[in-house]
Amino acid sequence: MMNTIKPISILNELKEATWPYHERLEKNMNLLSPGFLRTDYLRLIKAFWGYYGPLEARIAGVAELKAWLPDLDRRAKLTLLESDLRALGIDAEALAQLPICREIPDCTHPAAAFGCLYVLEGATLGGQVIIRHLHNALNLDAHNGAAFFTGYGEATGAMWQTFRLQLTAAGLDKTIQISSACETFMTLERWLKQNGCHAKLISDVTHRAVESQCCSPDGALRA
C-alpha cells in the first residue's frame, strides 16, 4: 500500500521549533498591556533599531540571497524604524548615540539568512495586530511613529505569502534555517532585555514612576 502521509514542510518545522521562543518574546515585550506607555514604546523602537540595523546589513551581504528573494531590499525595516524615531523626537545626533547590538546571528549562509528572515517577516505580519492596538492606546500610526509596525500596509499579507513561497522554493538546509531562526529569537530577546524592554523591567519602572508621583519622600500618599 502506498504511503500517503505528506512530509512536514519547512514552514511547519520552523513554526514548531520557534514557537516557544516566539511566545516568550511576545509575552516579555508586554506590548499589548494597558500599562505599556509611550516611554516604553520609544525604548522598544530604539532597541529594535539597534538590532535590525546590523542584522539587515549582514543579511544584505549574502550575495546569493537575491536569487531567491528579488524583493529583499523592499523587506528592509531600518528606514521605517528611523522614520519612527524621528517622529518620536530623536534627531540625527541622538540617533548616532544609540547602542548597536553586537550579538546577532551568523547568517552569512543563505539558509541561515532565510532563518533570520522567517522571524523578521513573521514579526511584520504580527505587526498588523499591534498597529491597531498602538493606534487605539497611544494614538500612533504610520505617519507619527508606528511605520515599523505598519509594515507593508495593505500588502503585508501578500508579502508574507510571497516570502513563504520563496523560502519553500529555495529548498535550502532545514537544520541551518531552524537553528538560525531560533538564534534570532534568542539574541533579540537578550538584546531587548539588556535595553529595558522586558515586561518585568517595564513594570518596575512604571511602578517607581507612579510611586514618585503619588507618594511623598516619607512614603505617605500625596493628596
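Within the range 155-174, one or more residues are part of a loop (DSSP other than H, G, I, E, B), at pLDDT 95 or above and charged (D, E, K, R). Where helices (runs of 4 or more DSSP H) fall entirely within the range 1-106, those with at least 3 residues that are closer than 21 Å to Gln177 by Cβ are at 10-29, 38-60, 65-68.
Of everything listed in (1) modelled with pLDDT under 95; (2) charged (D, E, K, R); (3) touching a Phe, Trp or Tyr at 6+ places or on another chain (Cβ under 6 Å), the single unmet condition for Glu121 is (1).
Quick one: would you say Trp68 is surrounded by 12 or more Cβ atoms within 10 Å (Cβ to Cβ), closer than 25 Å to Phe114 by Cβ and not β-branched (Val, Ile, Thr)? Step through it out loud before you land on a result.
Numbers: surrounded by 12 or more Cβ atoms within 10 Å (Cβ to Cβ): yes; closer than 25 Å to Phe114 by Cβ: yes; not β-branched (Val, Ile, Thr): yes.
Judged against the criteria, Trp68 is a match.
Does Gln97 fit the bill of being farther than 19 Å from Glu26 by Cβ, surrounded by fewer than 16 Cβ atoms within 10 Å (Cβ to Cβ) and polar (S, T, N, Q)? Before you say what the answer is, go through the steps one by one.
Working: farther than 19 Å from Glu26 by Cβ: yes; surrounded by fewer than 16 Cβ atoms within 10 Å (Cβ to Cβ): yes; polar (S, T, N, Q): yes.
For Gln97, the condition - farther than 19 Å from Glu26 by Cβ, surrounded by fewer than 16 Cβ atoms within 10 Å (Cβ to Cβ) and polar (S, T, N, Q) - is met.
All conditions in (1) buried (at least 16 other Cβ atoms within 10 Å of the Cβ); (2) part of a loop (DSSP other than H, G, I, E, B); (3) modelled with pLDDT under 95 hold for Gly127, with the sole exception of (2).
Among what's in the range 130-149 and is free of Cβ contacts under 8 Å to residues at least 60 places away in the same chain and of a type outside the set (D, E, K, R), pick the residue that is surrounded by the most Cβ atoms within 10 Å (Cβ to Cβ). First the steps, then the outcome.
Restricting attention to the range 130-149, the residues satisfying the condition of being free of Cβ contacts under 8 Å to residues at least 60 places away in the same chain are 131-132, 135-136, 139, 141-144, 149.
Still in the running and of a type outside the set (D, E, K, R): 131, 135-136, 139, 142-144, 149.
Values: Ile131: 21, His135: 16, Asn136: 9, Asn139: 11, Ala142: 18, His143: 10, Asn144: 14, Phe149: 28.
This residue is Phe149.
For Thr124, are the conditions met, namely being without any contact (Cβ under 8 Å) to a residue 60 or more places away in the chain and within 16 Å of Cys182 (Cα to Cα)? It would help to see each step written out before you state the result.
Values: without any contact (Cβ under 8 Å) to a residue 60 or more places away in the chain: yes; within 16 Å of Cys182 (Cα to Cα): no.
So Thr124 fails the test.
Between Gly89, Gly50, which is farther than 19 Å from Thr162 by Cβ and buried (at least 17 other Cβ atoms within 10 Å of the Cβ)? Matching residue, one of Gly89, Gly50: Gly50.
Pairing each residue of the range 14-37 that is surrounded by fewer than 18 Cβ atoms within 10 Å (Cβ to Cβ) with any residue that is part of a loop (DSSP other than H, G, I, E, B) and not hydroxyl-bearing (Ser, Thr, Tyr), provided the two are 6+ apart or on different chains, yields C-beta distances under 6 Å for Asn28/His198.
Scan the range 107-119 and tell me whether some residue there is under 19 Å from the mean Cα position of the chain (by Cα), surrounded by fewer than 17 Cβ atoms within 10 Å (Cβ to Cβ) and part of a loop (DSSP other than H, G, I, E, B).
The first filter runs over the range 107-119 and keeps only residues under 19 Å from the mean Cα position of the chain (by Cα), leaving 107, 112-119.
This time we only want the ones that are surrounded by fewer than 17 Cβ atoms within 10 Å (Cβ to Cβ), so: none.
No - not one qualifying residue is present in the range 107-119.
With respect to Leu134, is the statement that it is part of a helix (DSSP H, G or I), farther than 22 Å from Glu82 by Cα and either of a type in the set (A, V, I, L, M, F, W, C) or modelled with pLDDT under 95 (or both) true? Reasoning before the result, please.
Details: part of a helix (DSSP H, G or I): yes; farther than 22 Å from Glu82 by Cα: no; either of a type in the set (A, V, I, L, M, F, W, C) or modelled with pLDDT under 95 (or both): yes.
When the stated conditions are applied, Leu134 does not pass them.
The values are calculated or read from the model by the stated rules, or taken from the named source; none is laboratory data. Worth saying up front: this structure is predicted, and the values here are computed from it rather than measured. Cβ: placed from backbone, ideal geometry, glycine included. Neighbour counts: every protein chain shown.
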